[in-house]
Amino acid sequence: MKRKSVKPIYSMCVQPSFIIGTNNEDGSHNFAPITWVSVTHEEGDEYLLVISMFGTKRTKQNVIRTGLFSANLVSTEMLPLMDYFGSKHAKNAKKNDISYGVSCGAVLDVPTLDASPWVYECEVARSVETGDSITFFCHIKNIQMDERLSPKDIFDIDLTVLDPVVYSGKYHSLGRMLGEIGDFCK
Ligand SMILES: Cc1cc2nc3c(=O)[nH]c(=O)nc-3n(C[C@H](O)[C@H](O)[C@H](O)COP(=O)(O)O)c2cc1C
């Protein structure tokens, strides 16, 4: 393989797709896609969800105000929802031109999307500002997972069941499941 050097202007980062559910000040809900999402670890056996938002979007304002949100994994079936929520700004109008089911979180007061196969209910622990972006480090207070999954341990999640949208400037879907840690160095 031969590589070529290019200006560091290209955005290539393989990102998971989540639709973030928040409560507006008037108690109504709002949803927007955010793909700058990862995890890190603090102590014990809990993960912190790490999520970054730029600008002045409503979702960011709601997270700053309430400290709470749901992160709804986007399956390929949910692409029309993600595309719709991402092309509308809540400050202009309520995002009600498309129908979708919403429920309250099982543990936190956050709106969740009925269509999502995996939902994190999150509470902000701390945040870091970089320019006009804020990165939130969040406790995961509850996970709602698709009932078709029955993992034998914390790493045994079959992503092909969840059929997630993978984003890197364009929408992609997942390929095959290739194996487990250790399978390729035997
Ligand atoms: C595929 C996709 C991924 C996005 N990822 C992010 C992101 O990681 N961080 C961010 O701040 N905005 C991201 N956005 C932009 C927001 O979703 C968009 O600004 C949205 O309109 C905000 O809605 P709101 O005004 O209801 O908060 C993304 C949009 C799309 C379509």
Report summary line: Measure of exposure for Ser87: accessible area at 1.4 Å probe, Å² rounded to 10, is 80
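Let me know the Kirkwood hydrodynamic radius for the range 83-128, please, with Cα pairs as the basis and the value in Å to one decimal. Don't jump to the answer; show the numbers that get you there.
Details: mean 1/r = 0.0779 Å⁻¹.
Computed over Cα pairs of the range 83-128, the Kirkwood hydrodynamic radius comes out at 12.8 Å.
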Report task. Quick one: compute the contact order of the chain, relative version, from alpha carbon pairs under 8 angstrom and 6+ residues apart, as a percent. Result -> 23
Query raised in the report: Where the only charges are on Cβ atoms (+1 Lys, Arg; -1 Asp, Glu), what is the dipole of the range 99-186 about its Cα centre, to the nearest 20 debye?
Result: 240
Requested in this report: Provide the net charge surrounding Ile143, with neighbours chosen by a C-beta distance below 13 Å and charges set as Lys +1, Arg +1, Asp -1, Glu -1.
Outcome: -3
Query raised in the report: Do any cysteines of the chain lack a neighbour Cys whose Cβ is under 4.7 Å away, and which are they?
Result: Cys13, Cys104, Cys185
Query - Farthest positive-ward along the range 64-122 dipole, Cα basis, beta-carbon charges - from Ala115, Pro80, Leu68 - result: Leu68
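At 1.4 Å probe radius, can you tell me the per residue accessible area of the range 1-137 in Å²? Mind showing how you got there, number by number?
Details: 7930 Å² over 137 residues.
Accessible area per residue, the range 1-137: 58 Å².
Answer rounded, prolate or oblate for the range 29-142, using the Cα gyration tensor with square roots of eigenvalues a ≥ b ≥ c: rounded when a/c is under 1.5, else prolate when a/b is larger than b/c, else oblate. Show your work: numbers first, answer last.
On the way: a/c = 1.78, a/b = 1.28, b/c = 1.40.
Oblate, because a/c is 1.5 or more while a/b does not exceed b/c.
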**Report entry** Asp114 - accessible surface, heavy atoms, 1.4 Å probe, Å² rounded to 10
**Finding:** 90
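The range 1-95: which chymotrypsin sites (Phe, Trp or Tyr not before Pro) are DSSP loop and have at most 15 other beta-carbon atoms within 10 angstrom? List each step's numbers first, then the result.
Values: sites: Tyr10, Phe18, Phe31, Trp36, Tyr47, Phe54, Phe69, Tyr84, Phe85; in loops: Tyr10, Trp36.
Sparse-neighbourhood loop chymotrypsin sites (Phe, Trp or Tyr not before Pro): Tyr10.
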Query raised in the report: How long is the gain from Ile154 to Asp26 if the chain were fully straight, where each residue apart is worth 0.36 nm and the alpha carbon distance is subtracted?
Result: 42.3 nm
Report task. Return the carbon/sulfur percentage of the accessible area of the chain, one whole number, probe 1.4 Å, all protein chains in place. Result -> 53
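Take the alpha carbon gyration tensor of the range 14-81, find the square roots of its eigenvalues, order them as a ≥ b ≥ c, and report rounded if a/c is under 1.5; if not, report prolate when a/b exceeds b/c, else oblate. It would help to have the intermediate numbers written out before the result.
Values: a/c = 1.82, a/b = 1.16, b/c = 1.57.
Oblate, because a/c is 1.5 or more while a/b does not exceed b/c.
Of Val74, Val14, which has the most accessible area and how do the rest follow, probe 1.4 Å?
Numbers: Val74 0, Val14 105 Å².
Descending order: Val14, Val74.
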Query raised in the report: So how exposed is Cys13, as accessible area in Å² (1.4 Å probe, rounded to 10)?
Result: 80
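Specify whether the C-alpha gyration tensor of the range 42-81 places it in the rounded, prolate or oblate class, a ≥ b ≥ c being the square roots of the eigenvalues: rounded for a/c under 1.5, otherwise prolate if a/b is larger than b/c and oblate if not. Walk me through the intermediate numbers first.
Numbers: a/c = 2.43, a/b = 1.15, b/c = 2.12.
Taking the square roots of the gyration eigenvalues as a ≥ b ≥ c, the range 42-81 is oblate.
At a 1.4 Å probe radius, which order do Thr40, Thr22, Thr56 fall into by accessible area, largest first?
Numbers: Thr40 55, Thr22 0, Thr56 110 Å².
The most accessible residue leads, giving Thr56, Thr40, Thr22.
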Query - Debye log10 I(q)/I(0) at q = 0.21, 0.23 Å⁻¹ for the range 95-186, Cα point scatterers - result: -1.28, -1.28
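The values are calculated or read from the model by the stated rules, or taken from the named source; none is laboratory data. Since the structure is predicted, the reported quantities are computational estimates derived from the model, not experimental observations. Neighbour counts run over all protein chains shown; Cβ positions are idealised from the backbone, glycine included. Heads up: the accessible areas ignore ligands, DNA and RNA and are worked out on the full protein's heavy atoms, side chains in. Shrake-Rupley method; radii C 1.70, N 1.55, O 1.52, S 1.80 Å.
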